[in-house]
Amino acid sequence: QVQLVESGGGLVQPGGSLRLSCAASRSIFSINVMGWYRQAPGNQRELVAGITKGGNTNYADSAKGRFTISRDIAKNTVYLQMSSLKPEDTAVYYCNAHYGVDYWGKGTLVTVSS
């Protein structure tokens, strides 16, 4: 079992930056894939970025060039660095761990608004 706790959300102006953190309750080196998803009101949850056990990353087209997923294995933490934020990035961001089954955090709200 894996518990995930997200942090780092908040209100930011368009063009600004935020870094989200996801702390896992077990070694992330043992987790096949970890990722960030988001869900805006009225929309389905969508993948933003993922990172595999081997360190390979993938991004949604909307995130490419603006967001970076990374990890600190020693801290069992995965990050999502977001820059050049747009109002359409406003959503609840969820951390996901695929470890046999999918585990989810409770989410952190990101609001991009002037």
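The values are calculated or read from the model by the stated rules, or taken from the named source; none is laboratory data. The model shown is predicted, which means the values in this text are computed figures rather than measured ones. A quick note on method: Cβ atoms are made from the backbone with ideal geometry, for glycine too, and the neighbour counts reach across all protein chains shown. Only protein heavy atoms, including side chains, enter the accessible area calculation; ligands, DNA and RNA are left aside. Shrake-Rupley method; radii C 1.70, N 1.55, O 1.52, S 1.80 Å.
Miscellaneous remarks
- Each listed q (0.11, 0.14, 0.20, 0.22 Å⁻¹) maps to a log10 I(q)/I(0) for the chain from the Debye sum over equal C-alpha point scatterers, namely -0.31, -0.50, -1.01, -1.21.
- Between Val33 and Leu109, the simple label model (points 7 Å from Cα in the Cβ direction) yields a spacing of 3.0 nm.
- Rounded percent of accessible protein surface that carbon and sulfur make up, the chain, 1.4 Å probe: 48 percent
- Were the residues from Ile73 through Asn43 laid out at 0.36 nm apart, the gain over their Cα-Cα distance would be 7.6 nm.
- Accessible area, probe 1.4 Å, largest first, for residues Val92, Val5: Val5, Val92
- Protection-proxy order for peptides 56-62, 104-110, 83-89, each taking the mean of Cβ atoms within 10 Å per residue, highest first: 104-110, 83-89, 56-62
- Here the gap between Arg26 and Ala60, fully extended at 0.36 nm per residue and compared with their Cα-Cα distance, gives a gain of 9.6 nm.
- Separation of alpha-carbon centers, the stretch 1-59 and the stretch 63-114, rounded to whole Å: 3 Å
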